[in-house]
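Have a look at the structure below before the remarks.
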Amino acid sequence: MADCAKPVSPRPGIGAAALVVALIFGTLTAVALRAEVGRGFGASDWAAVRFTLTQACLSAVLSVGLAIPVARALARRRFFGRRILITLLGAPFILPVIVAILGLLQVFGRAGWISSGLAMLGLEPVQIYGLHGVVLAHVFFNLPLATRLILQGWQEIPAERFRLAAQLGADSRAMWQLLERPMLTRIMPGALAVVFAICLSSFAVALTLGGGPRATTIELAIYQAFRFDFDLGRAALLSALQLVLTGTAALVALRVAAGEGFGTGLDRALQRWDGTGPIARLLDGMWIATAAIFLMLPLGAIVLSGLPGLTGLPVSVWAAALNSVLVAALSTVLLLLLALPMATAVALGRGGAIELAGILGLAASPLVIGTGLFIVIYPIADPFALALPVTALVNAVMALPFALRILVPRAQVVVGRYGRLALSLDMRGWSFVWRVLLPRMRPQIGFAAGLAAALSMGDLGVIALFADPEFATLPLQIYRLMGAYRMELASAAALLLLALSMAAFWILDRGGRWHAEA
Amino acid sequence: MKYLVIAAGILSTTAAVAEVPELTVYTYDSFVSDWGPGPAVEAAFEEVCGCDLKLVGAGDGAALLARIKLEGARSDADVVLGLDTNLTAAAKATGLFAEHSVVADYTLPVAWEDKTFAPYDWGYFSFVQNADATAPTNFKDLAASDTKIVIQDPRSSTPGLGLLMWVKAAYGDEAPAIWADLSDNVVTVTKGWSEAYGLFLEGEADMVLSYTTSPAYHLIAEEDDSKTAALFDEGHYLQVEVAGKLANSDQPELADQFLNFMVSEAFQSIIPTTNWMYPAVTPAAGLPAGFETLVQPGKSLLLTEDEAASVRDTALDEWLTALSR
């Protein structure tokens, strides 16, 4: 009975993982079973697979590669506005795709700020459309996420280690070799896998920034199979392929990421003694400034184009905003109910399969999940009546991979540090969870909840398939406004969405860090 | 058990008292939105039908058809509104639709004889641009110019598919060459109409694939006459939007009543300034002021539904080949 030596049982986590797997594969099977004879895979599908892999690998490597110096700089420096900057880092990630594309193009497009500036100097405009445009957009979306994940890795290193290293006279270089590099080899593979999985299922961003059908991704091929050919078999097959690719990436990442943690500290606030020289400070400052400008300019564009219409927003947009807040709240609760037991189970050594189940949420095509759920629900209940819970559940499953990346490392640390102590005090089950685990994971729970709430708020998700005229979410209203030529109001609604998402993120993330050093 | 019986009794009595027949109409999402025709149509029909009209939005035309296929014969829908002639052949092939009884004096540029689907509005595809720019006069002229265009992907967008059909109807076997020449004019391809139109308004392209009626929105709703549609001399492809009734409807009379209402004055006068298309039957009072300023194509192009269904895959392959280079 291996469980006897653990303060809590991994069973709830295994159950949650099983539920997620059932949802993803159940819906996929439902779609496959409805399939009639289709034309199977064609050359264009393989081209889509190749393009998808290329852009996803490039995007993942660049996003994570650039995130390392940014996160290191943020971990070493304390400056005015640092907290706000770290919160704003969450913003690009949670924007509805269409809003983010328009924001990016206002800066980098043919008629964007940079091109206009170049034109004033008599130079050619920037050529944004192409593979580099796709990668640029994906770095815009994922650099902030990767930075947050890696920054968290830095915060996992006990303050005592830095103190000891400083006492032994370790300089920046030695710190890097002794503490930072081993930490990165543990954290980086997971971050790479998550970003890879996000970019794998990209569709509208890849198509628009990629400049046309050269940039066809698997998700677009699924879309085509579903609505152009109504070939459900091919849609299911492509979706399965997407799951396999993500699963493989996740398995590789898990294998590579194995390594020892840093052991126990006294939960003290972090203080650094290295990197105080002028060159190190200048370099760190440059990294932070560059990342901030790159991320903030498109956000600024979105804010500027949203302001004029803000006062004219109709009641229906505000009502939709309220619905979005409801969906986000429900989705966040569902996410925590799934993610916390799963993270605990992973920390108890039931790793692989559960982590794998967690990351699949990203690889599952929303169109296939939505259609599958529709096929499953339709015979027993009215899908429209279930629009809110279904949207919230699917959003929670989509946010699960991020939540696990955030929660798992910390849960491992807490169980590793305090598990045996708790057992010796005969502290088990709820009392361990309540008195030891949850309080020590509060910042991570706050971050994960904030991310889930914000993601759910900004995601169009399956609501488009289950939409009912009386129940619209804010992203859906933004699409409707754009579809009715109301671009100015749509921009204003997007600004409202951005503000709401950031507020939800801020409140939950800050709530978790109350009285804690961020 | 006793309570259950009583509860069931109470429920069934309330249900009997409140029994108002319900007509369920599936349509595309922009129809039901607050800025589309939906709310006004619902109010106008409920005034005359003594029923509850339930409009259900499902993506766009193609998603709507996919939805009906998924639900099959058990669908709650009584009427499907929002397919176009590129989809009607596939819709008929499902065998789920019944013939309609609509008779109307259509003001379409083409004769309408379909017994399954009745039209409610129509429009010409065209490239919309700023009024002060020089307009190309046909696809060859456009391809030879430096004009940058943004278009929609035919795999995910109805107008995108319309453009394929337009080039195919105008040029037939010459279509691949036209697309090859156009490929350097295409700035990018978007998932749907909204993205493309948004990019155009932000100045990313000189022209966007839309409708000849798009400038009417800017003129009437925004009092902005800076947008115009380019007139192409090879003719403009038509989009005719239609509705049909489902064979398994539990409200067949009400469905017929709705389809007849659809071509009546009350419904048709809502269309121009909410859907920004031409009504299928011009209202007695004529079109709203501003519509007279729109360009009038000399020639209308429209493939029959069978032609459209048979050239669809070839046209898509040609388009993909030309633009993937």
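The figures follow:
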| read-out | value |
| --- | --- |
| Those residues of region B:175-212 which are surrounded by 21 or more Cβ atoms within 10 Å (Cβ to Cβ), in a helix (DSSP H, G or I) and of a type in the set (D, E, K, R), in sequence order | B:Glu195 |
| Matching helices (runs of 4 or more DSSP H) fully within region A:323-434 where at least 3 residues are over 21 Å from the mean Cα position of the chain (by Cα), farther than 30 Å from B:Ile68 by Cα and free of Cβ contacts under 8 Å to residues at least 60 places away in the same chain | A:387-424 |
| Set A:Phe230, A:Phe226: member being farther than 29 Å from A:Val408 by Cβ and in a loop (DSSP other than H, G, I, E, B) | A:Phe230 |
| Count of region B:246-278 residues which are closer than 13 Å to B:Val79 by Cα, acidic (Asp, Glu) and within 21 Å of the chain's Cα centre (by Cα) | 1 |
| Any pair with Cβ under 8 angstrom, 6 or more apart, that starts in region A:223-237 at a residue that is within 17 Å of B:Glu71 (Cα to Cα) and facing chain B (nearest Cβ under 7 Å) and ends at one that is among the polar types (S, T, N, Q) and part of a loop (DSSP other than H, G, I, E, B) | A:Arg227/B:Ser156 |
| Some residue of region B:162-172 being of a type outside the set (D, E, K, R) and touching a Pro at 6+ places or on another chain (Cβ under 6 Å) | yes |
| Selection within region B:177-187 - farther than 17 Å from A:Gln106 by Cα and within 7 Å of chain A (Cβ to nearest Cβ) | B:Val186 |
| Residues (outside any helix (DSSP H, G or I) and not hydrophobic (A, V, I, L, M, F, W, C)) located in region A:118-157 | A:Gly122, A:Glu124, A:Pro125, A:Gln127, A:Tyr129, A:Gly130 |
| Flag if A:Thr216 is among the hydroxyl-bearing types (Ser, Thr, Tyr) and over 20 Å from A:Leu360 (Cα atoms) | yes |
| Residue within region B:311-322 that is touching a residue at least 40 places away in the same chain (Cβ under 8 Å), within 18 Å of the chain's Cα centre (by Cα) and away from chain A (no Cβ under 14 Å) present | no |
| Residues located in region A:83-107, provided they are in contact (Cβ under 8 Å) with a residue 60 or more places away in the chain and closer than 30 Å to A:Arg281 by Cβ | A:Arg83, A:Leu85, A:Ile86, A:Thr87, A:Leu88, A:Leu89, A:Gly90, A:Ala91, A:Pro92, A:Phe93, A:Val107 |
| Residue under evaluation B:Ala247, criteria (1) among the aliphatic types (A, V, I, L, M); (2) surrounded by 22 or more Cβ atoms within 10 Å (Cβ to Cβ); (3) under 21 Å from B:Thr85 (Cα atoms), criterion not met | (2) |
| Test: residue in region A:392-410 that is surrounded by fewer than 21 Cβ atoms within 10 Å (Cβ to Cβ) and at pLDDT below 85 | no |
| Search result, residues across region A:72-89 that are part of a loop (DSSP other than H, G, I, E, B) and in contact with a Lys or Arg (Cβ under 7 Å, 6 or more places away or on another chain) | A:Leu89 |
| Residue in region B:260-280 that is surrounded by the most Cβ atoms within 10 Å (Cβ to Cβ), counting only those that are in contact with a Leu (Cβ under 9 Å, 6 or more places away or on another chain) and hydrophobic (A, V, I, L, M, F, W, C) | B:Met262 |
| Selected residue [under 25 Å from B:Gly61 (Cβ atoms), facing another protein chain (nearest Cβ under 8 Å) and in contact with a strand residue (DSSP E or B) (Cβ under 8 Å, 6 or more places away or on another chain)] from B:Thr190, B:Thr158 | B:Thr190 |
| Considering residues of region A:93-113 that are assigned to a loop (DSSP other than H, G, I, E, B) and either within 12 Å of another protein chain (Cβ to nearest Cβ) or modelled with pLDDT of 90 or more (or both) only, the residue surrounded by the fewest Cβ atoms within 10 Å (Cβ to Cβ) | A:Ala111 |
| Residue match in region B:161-170 (condition: buried (at least 24 other Cβ atoms within 10 Å of the Cβ), of a type outside the set (Val, Ile, Thr), in contact (Cβ under 8 Å) with a residue 24 or more places away in the chain and within 10 Å of another protein chain (Cβ to nearest Cβ)) | yes |
| Enumeration of residues in region A:174-216 that are away from chain B (no Cβ under 11 Å) and β-branched (Val, Ile, Thr) | A:Thr185, A:Ile187, A:Val194, A:Val195, A:Ile198 |
| Failed item, numbered, when A:Ile68 is tested on (1) within 30 Å of A:Gln477 (Cβ to Cβ); (2) modelled with pLDDT of 90 or more | (1) |
| The lone exception for B:Pro283 - which of (1) closer than 17 Å to B:Leu108 by Cβ; (2) crowded, with 19+ Cβ neighbours inside 10 Å it fails | (2) |
| Positions within region A:114-135 being at pLDDT 90 or above, hydrophobic (A, V, I, L, M, F, W, C) and touching a Leu at 6+ places or on another chain (Cβ under 7 Å), in sequence order | A:Val134, A:Val135 |
| Residue in region B:247-257 that is closer than 27 Å to B:Leu142 by Cβ, in contact (Cβ under 8 Å) with a residue 40 or more places away in the chain and either assigned by TED's automatic domain parsing to the domain that holds B:Ala133 or of a type outside the set (Asp, Glu) (or both) present | no |
| Qualifying positions in region B:213-247 - out of contact with any Leu (no Cβ under 7 Å at 6 or more places or on another chain) and in a loop (DSSP other than H, G, I, E, B) | B:Glu223, B:Asp224, B:Ser226, B:Ala230, B:Leu231, B:Phe232, B:Asp233, B:Glu234 |
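Yes or no, residue by residue, for (1) of a type in the set (Gly, Ala, Ser); (2) within 22 Å of B:Val41 (Cα to Cα):
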| site | (1), (2) |
| --- | --- |
| B:Ala58 | yes, yes |
| B:Leu64 | no, yes |
| B:Ala91 | yes, no |
| B:Asp146 | no, no |
| B:Ser157 | yes, no |
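The values are calculated or read from the model by the stated rules, or taken from the named source; none is laboratory data. What you are looking at is a predicted structure, and each value in this text was computed from that prediction instead of being measured. As a convention, Cβ positions derive from the backbone with ideal geometry for all residues, glycine included, and neighbour counts pool all protein chains shown.
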